[in-house]
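Novice: Please read through the structure below; I'll follow up with questions.
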Amino acid sequence: LTNGSFGGEAVRQHSYTSTLGYRLTPTASLSLTGSRLMTLGTETRQGTDLKSLSLGYTDQLSRLTTASLNIRYSVFNSPTDPYREISATAAVSLRF
């Protein structure tokens, strides 16, 4: 629960996050994360609801190289600007 203010009006939010991880091999793993952020409505503003589901894969390719891939699906419910989003992010990390 988060409290703050927006234009002199109190903002109340509830958020939940849960993550499940699984090691595939000694160097590779999967993770699944679900989250929800709800902003409660007020007398002058309607509430919003953001739900996301992410699937991540990480593998240590060598002693100094790690690769990762993350796919996220989000749904934002709002009376003014609702949207759905799918994103994919890939990264390679080199240490030397």
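Novice: Could you check the stretch 66-90 and list, in sequence order, the residues that are loosely packed, with under 11 Cβ neighbours inside 10 Å, out of contact with any Leu (no Cβ under 6 Å at 6 or more places or on another chain) and among the aliphatic types (A, V, I, L, M)?
Specialist: Hits for the stretch 66-90 are ILE86, ALA88.
Novice: Under 6 Å by Cβ, and 6 or more places apart or on different chains, what pairs join a residue from the stretch 24-47 that is under 30 Å from THR65 (Cβ atoms) and outside any strand (DSSP E or B) with one that is open to solvent by less than 60 Å² (accessible area, probe 1.4 Å) and of a type outside the set (Phe, Trp, Tyr)?
Specialist: Pairs that qualify, where the first residue is under 30 Å from THR65 (Cβ atoms) and outside any strand (DSSP E or B) and the partner is open to solvent by less than 60 Å² (accessible area, probe 1.4 Å) and of a type outside the set (Phe, Trp, Tyr), are THR27/ASP59.
The values are calculated or read from the model by the stated rules, or taken from the named source; none is laboratory data. In this text, all values refer to a predicted model and were calculated from it rather than measured experimentally. Here the Cβ is made from the backbone with ideal geometry for all residues, glycine too, and neighbour counts use every protein chain on show. Surface areas here come from the heavy atoms of the whole protein model, side chains and all, with no ligands, DNA or RNA. Shrake-Rupley method; radii C 1.70, N 1.55, O 1.52, S 1.80 Å.
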